[in-house]
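The values are calculated or read from the model by the stated rules, or taken from the named source; none is laboratory data. Note that this is a predicted model, so its numbers are computed, not measured. Virtual Cβ from ideal backbone geometry, glycine too; neighbours counted across all protein chains shown. The protein model used for the area step is the full one, side chains on, heavy atoms only, and it has no ligands, DNA or RNA in it. Shrake-Rupley method; radii C 1.70, N 1.55, O 1.52, S 1.80 Å.
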Amino acid sequence: MSLDPLLDPGTVPRRYVVTGGPSAGKEAVLDELHARGIPATDGEPAREIYRRHRDRLGRHLQVGDRRAYSRDVLEAFVAEYCGHTSGLRFYNRGIPDGYGWDAFFGLGPYPELEEAARIYRYDAVFILDPLDDFDSEDDLVFAKDREIRRVHELIIQGYYDAGYRPIFVPADEPGRRVSFMLAQLPVPAT
Amino acid sequence: MNDRTDAVEIISPNNVLANAMLRTVDMVRPRLQAASPDRVAFCVGTQINGAPHLGTSLVQTAAFLLAKAAKRTFNVDAVVRFGALDNAPYDIRLDPETHHAYQQTYFHALGEQGIGDLTGKYYRAVFDSLADATGVDYEIETYSAQQATPAFRHEFLATLGHLDQIRWPLAPSHGQVHLRLPCPQCGWAEKRAERTRLLRTGPGGADFAAVCTDHGDYKVTVTPDSDAYLDLATLYRNLVKERLAARDHVTLSVMVKGGDWAYGCQLVDEAFAQLPGLAPPPRVFTPMVLTDTGAKLSKSLIREGKVPPPPGARPWMLDTTEWPGDTDSYIDAMVWLVGKMLADPKHFYRSYTTAELDRIMTAHPATTTGVRAREMNLYRRYFDMVADGTKTIEVRVQYPNLRRLKAGDYIRFICGRDDALTRIRRVARYSSFDEMLDTEEPEKVNPASPRDQQLANIRRIYGPEKEALGVLAIEIELVTEPET
């Protein structure tokens with residue numbers, strides 16, 4: 001299938017989320033999309049917001065700081081969504097990611113997140129399978145690595161809770177993962 | 001020391017490898033024949049992150065016993081080279097921003113002195129005892145010291161030009177190799193190197209970019225002489241180590257590894273095939289310790305309650321420090337056990353369940369008989385002089401395992417099938433062979449040779465780097481062995 005009809009900026013906006021837990025290889029996939037000239041989020045807004053909060057606090061964020069951070073991230077996701085008015089675009093994480101990350105820190109969903117997840121809908125969600133099984137024979141590592149796996153699973157759960165049926169992208173090199181994702185895109189109705 | 005008359009029977013079916021040889025140590029022979037090295041180093045690497053389990057002891061004991069067998073069978077000098085993997089993760093934390101795992105190695109957490117203490121705690125006494133029991137000397141090298149050598153770094157840099165080929169065997173599922181270059185400020189590194197990038201590689205070095213959780217973006221330049229720490233993931237580290245070993249034409253390195261590495265080495269071999277020139281060094285895979293399900297015995301899975309201890313799993317099998325006795329008695333038991341395995345290739349090139357090991361160990365003699373003597377090999381011309389009592393001073397360099405040698409210890413000198421038991425009367429330490437011969441009476445060292453000839457002969461056996469370890473003059477007296 002040619003990508004041209006999807007890349008035509010004159011078409012209606014099509015929004016595809018790329019997400020997954022830490023160490024799922026998301027950055028490499030986003031880099032590959034950029035390298036192929038496919039519109040995608042520049043950088044990771046959530047990380048830039050994190051750094052702003054960290055600089056303001058003078059330390060890393062603690063659980064008590066996460067709600068304010070989560071709201072700012074949600075605001076950025078909504079702005080990106082609304083600013084995208086035509087053609088195809090891959091998003092570096094999506095609004096329902098907030099469910100998973102908040103749950104990881106023991107926080108429940110809040111009304112603004114619930115409302116945004118209902119209003120701002122994506123056309124498809126690609127979840128990158130982890131590049132590692134996060135099992136280590138070393139007990140110390142094992143305990144910490146399990147947290148990475150837990151974040152990943154909570155993110156998946158968040159998308160299901162928001163009514164999506166994610167497409168899982170197998171672990172592979174970034175080029176093959178992008179090809180896999182592009183092959184899943186629905187042919188636009190003309 | 002070892003009861004050689006016990007009647008426990010190990011029954012092993014034949015297999016392809018065992019069917020091809022009469023002696024277990026014959027695995028080393030093809031390369032010995034082809035390369036005619038001056039000596040053989042049996043290399044064994046161990047992560048130093050905690051108390052060893054039985055599998056670790058089997059590998060280490062096998063290395064010493066194989067070295068002993070190589071000496072006797074092939075008349076070649078053999079040592080054990082112990083690689084302490086001090087780049088094992090000491091601590092892990094998740095970056096609060098990305099939740100990428102960051103790790104700190106034992107070396108970065110404890111420093112050189114701390115690593116020395118840890119090695120001493122778990123392995124020094126074990127290795128000294130193994131050296132005593134087998135007459136094989138050993139060397140200890142940490143991974144941190146090895147990666148700092150220009151030769152290792154040069155070997156690593158040489159692989160980077162082929163990274164696009166070797167990344168697939170090193171990471172077959174996705175091709176993304178974990179190459180950790182710790183932050184120069186704090187020593188922490190991204191465990192999976194998600195944001196580590198090779199910026200440039202070329203003659204003389206390579207530049208990398210990485211991100212520290214506390215110190216932000218940083219660059220690292222790796223050259224043969226730079227001090228940037230290279231923490232390579234397991235397969236990559238083994239590739240570089242084995243290629244480095246394969247270049248040494250003086251010492252033949254034989255990699256002694258636990259049986260599960262037979263699977264892992266398939267990938268190392270694939271990576272070798274992608275690189276020019278060298279063939280992998282010979283490897284000997286030791287028996288795996290299995291549970292009743294056929295899975296490898298895993299201490300951590302049992303401790304976490306994910307699997308029950310398998311039948312026959314004694315506490316000391318999971319943690320060798322639980323052995324009900326002192327280090328020497330544990331090592332004697334290991335030498336006995338691994339000796340039985342090595343006695344027939346069919347018994348060695350296979351795996352054992354904990355139940356079967358427990359059954360075999362029931363036949364292990366609970367008490368040792370006679371004296372526990374350190375074994376030392378001697379050329380025939382020197383052995384005969386010891387055996388007839390005319391040579392009363394033996395000269396050695398001070399390998400680590402000879403540090404504790406003292407008056408009253410026993411030495412059994414070996415030559416072929418002959419042996420002579422002696423007791424140490426005195427140990428004198430010198431900085432050079434010259435100084436030793438100036439102080440001791442040369443005719444006690446060798447009654448048939450003048451001083452200068454002795455000096456030349458000794459220096460033919462021990463090069464300057466060995467002499468630099470220090471020189472021992474060991475005064476001995478013959479002992480009549482008690483009847484047992």
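Overview of results
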quantity: Filtered residues of the range A:46-95 (kept if part of a helix (DSSP H, G or I) and polar (S, T, N, Q)); calculated: A:70
quantity: Wholly within the range B:26-132, strands (runs of 3 or more DSSP E) carrying at least 2 residues that are within 15 Å of the chain's Cα centre (by Cα); calculated: B:39-47, B:77-85
quantity: Residue within the range B:274-283 that is within 14 Å of chain A (Cβ to nearest Cβ) and either buried (at least 20 other Cβ atoms within 10 Å of the Cβ) or part of a strand (DSSP E or B) (or both) present; calculated: no
quantity: Subset of the range A:2-29 (residues that are among the hydrophobic types (A, V, I, L, M, F, W, C), at pLDDT 95 or above and farther than 20 Å from residue A:85 by Cα); calculated: A:29
quantity: Which listed residue, of B:177, B:222, B:240, B:211, is touching a helix residue (DSSP H, G or I) at 6+ places or on another chain (Cβ under 7 Å), aliphatic (A, V, I, L, M), within 13 Å of chain A (Cβ to nearest Cβ) and touching a residue at least 12 places away in the same chain (Cβ under 8 Å); calculated: B:177
quantity: Filter result for residue B:362 (at pLDDT 90 or above and exposed (fewer than 15 other Cβ atoms within 10 Å of the Cβ)); calculated: no
quantity: Total residues in the range A:126-162, condition among the small types (Gly, Ala, Ser) and either in contact with a Leu (Cβ under 6 Å, 6 or more places away or on another chain) or modelled with pLDDT of 90 or more (or both); calculated: 2
quantity: Those residues of the range A:143-165 which are more than 9 Å from chain B (Cβ to nearest Cβ), touching a residue at least 60 places away in the same chain (Cβ under 8 Å) and surrounded by 17 or more Cβ atoms within 10 Å (Cβ to Cβ), in sequence order; calculated: A:149, A:152, A:155, A:158, A:159, A:162, A:164
quantity: Residue among A:121, A:177 that alone is among the basic types (Lys, Arg), modelled with pLDDT of 95 or more and assigned to a loop (DSSP other than H, G, I, E, B); calculated: A:121
quantity: Failed item in (1) free of Cβ contacts under 8 Å to residues at least 60 places away in the same chain; (2) surrounded by fewer than 13 Cβ atoms within 10 Å (Cβ to Cβ); (3) at negative phi, with residue A:12 passing the rest; calculated: (1)
quantity: Any hit, the range B:75-83, residues being open to solvent by less than 30 Å² (accessible area, probe 1.4 Å) and at positive phi; calculated: no
quantity: Number of the condition not met by residue B:127 [criteria: (1) at pLDDT below 95; (2) open to solvent by 10 Å² or more (accessible area, probe 1.4 Å)]; calculated: (2)
quantity: 3 or more residues crowded, with 20+ Cβ neighbours inside 10 Å: qualifying strands (runs of 3 or more DSSP E) within the range B:156-271; calculated: B:205-212, B:251-258
quantity: Lone unmet requirement of (1) crowded, with 18+ Cβ neighbours inside 10 Å; (2) away from chain B (no Cβ under 14 Å); (3) of a type in the set (Phe, Trp, Tyr) for residue A:110; calculated: (1)
quantity: So residue B:300, is it within 26 Å of residue B:119 (Cα to Cα), open to solvent by less than 50 Å² (accessible area, probe 1.4 Å) and free of Cβ contacts under 8 Å to residues at least 12 places away in the same chain; calculated: yes
quantity: Boolean, residue B:477 is more than 22 Å from residue B:138 (Cβ to Cβ), open to solvent by less than 70 Å² (accessible area, probe 1.4 Å) and not in a loop (DSSP other than H, G, I, E, B); calculated: yes
quantity: Residue B:291 being hydroxyl-bearing (Ser, Thr, Tyr) and over 18 Å from the mean Cα position of the chain (by Cα); calculated: yes
quantity: Options B:142, B:149: the member that is free of Cβ contacts under 8 Å to residues at least 24 places away in the same chain, open to solvent by 30 Å² or more (accessible area, probe 1.4 Å) and more than 27 Å from residue A:176 (Cα to Cα); calculated: B:149
quantity: Count - residues of the range A:6-60 that are in contact with a strand residue (DSSP E or B) (Cβ under 9 Å, 6 or more places away or on another chain), more than 10 Å from chain B (Cβ to nearest Cβ), under 20 Å from residue A:184 (Cβ atoms) and not charged (D, E, K, R); calculated: 17
quantity: All positions within the range B:386-424 that are farther than 20 Å from residue B:125 by Cβ, assigned to a loop (DSSP other than H, G, I, E, B) and of a type in the set (Ser, Thr, Tyr); calculated: B:390, B:392
quantity: Within the range B:71-108, considering residues that are without any contact (Cβ under 8 Å) to a residue 60 or more places away in the chain and of a type in the set (Gly, Ala, Ser), the one farthest from the other protein chains (Cβ to nearest Cβ); calculated: B:78
quantity: Flag if residue B:56 is touching a residue at least 60 places away in the same chain (Cβ under 8 Å) and polar (S, T, N, Q); calculated: yes
